[in-house]
């Protein structure tokens, strides 16, 4: 059974593993630095659907179908689905997965949702309640703009601190330990709110939560940044990533060359005009389930920290003048 170490971290004794994974992305993402790493890409942002929301559902269903194939199992072999997205009532996930007939647990962690779904899938497999679980999330630029900002027709100007919501989805099949890509530790984050109210500066709002979770993980495991091949956040972008380094430095923790952020990896910010980088549930999910896990399978990486961050806000809370609480959940993945 799982063993809690320290105050916030769970050590996985049974080592649940990622048996299959897949990433699906849109046109802009396919044109970025990781374009060749995605399993499926689409040239049409609508994916042939009649709305942006239906297009996002298709991203998620395609990612799940592909991941199941790569894991060499069917939906009948899956005990639970943990899925979520940015839209109201997680409609992208609900409509994408309703035909599978698998017990479903909808998740909302904003952009931290991929880490949240992975954490819960790992814990339930570790506890021997399930043999296989699906962890999946998605986002779509146009659907997110419509819900959180302005319809595209408005033509609003984006600030330098703004990030570009990724059109993409990532899915991982978590199952009983068999081979590589094992979940070694999970750290569930706390809600941290330092009073940031600018909805166009999500990196600043989420960085304090990322610093808190990462610091707690290092304390719980008696480890340091140099013990890991890669520490990757998702998705703080340029602004949030720089703030994270500054906040951790105050605690004597130095992030160096083995640190990166999914929001900075998925786009060429200057050439693609994405300002501070990528964001959205699909950002960290698609980067993890393409480039990162593929590099782990090749043993180019053997011990990583994946920490997805989220801004726990809504259009209503912003209109009411509320600040933006942040959250960050951490998954330690190892080659065993």
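The values are calculated or read from the model by the stated rules, or taken from the named source; none is laboratory data. Just so you know, these numbers come straight off a predicted model, no measurement behind them. Cβ placement follows ideal geometry from the backbone for every residue including glycine, while neighbour counts extend to all protein chains displayed.
If you scan region 41-63, which residues turn out to be under 19 Å from the mean Cα position of the chain (by Cα) and either part of a loop (DSSP other than H, G, I, E, B) or farther than 18 Å from residue 93 by Cα (or both)?
Answer for region 41-63, where residues must be under 19 Å from the mean Cα position of the chain (by Cα) and either part of a loop (DSSP other than H, G, I, E, B) or farther than 18 Å from residue 93 by Cα (or both): just 41.
Do you know which of the residues in region 264-276 that are assigned to a helix (DSSP H, G or I) and out of contact with any strand residue (DSSP E or B) (no Cβ under 9 Å at 6 or more places or on another chain) is surrounded by the most Cβ atoms within 10 Å (Cβ to Cβ)?
The qualifying residue surrounded by the most Cβ atoms within 10 Å (Cβ to Cβ) is 271.
One line per residue, one yes/no per condition, for (1) out of contact with any strand residue (DSSP E or B) (no Cβ under 8 Å at 6 or more places or on another chain); (2) under 16 Å from residue 331 (Cβ atoms):
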| residue | (1), (2) |
| --- | --- |
| 171 | no, yes |
| 185 | no, yes |
| 202 | no, no |
| 220 | no, yes |
| 226 | yes, no |
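With respect to residue 99, is the statement that it is in contact with a helix residue (DSSP H, G or I) (Cβ under 7 Å, 6 or more places away or on another chain) and assigned to a helix (DSSP H, G or I) true?
Against the criterion (in contact with a helix residue (DSSP H, G or I) (Cβ under 7 Å, 6 or more places away or on another chain) and assigned to a helix (DSSP H, G or I)), residue 99 does not qualify.
Taking region 216-231 as the search range and keeping residues that are without any contact (Cβ under 8 Å) to a residue 40 or more places away in the chain and closer than 21 Å to residue 284 by Cβ, which one is surrounded by the fewest Cβ atoms within 10 Å (Cβ to Cβ)?
225
Looking at region 249-263 only, could you name the residues that are surrounded by fewer than 24 Cβ atoms within 10 Å (Cβ to Cβ) and in a helix (DSSP H, G or I)?
Within region 249-263, 249, 250 qualify.
Restricting to region 223-241, and then to whatever is outside any loop (DSSP other than H, G, I, E, B) and modelled with pLDDT of 95 or more, can you tell me which residue is nearest to the chain's Cα centre (by Cα)?
Result: 233.
Mind checking which residues of region 277-292 are buried (at least 24 other Cβ atoms within 10 Å of the Cβ) and either modelled with pLDDT of 95 or more or assigned to a helix (DSSP H, G or I) (or both)?
Of everything in region 277-292, those that are buried (at least 24 other Cβ atoms within 10 Å of the Cβ) and either modelled with pLDDT of 95 or more or assigned to a helix (DSSP H, G or I) (or both) turn out to be 281, 282, 283, 284, 285, 286, 287, 288, 289, 290, 292.
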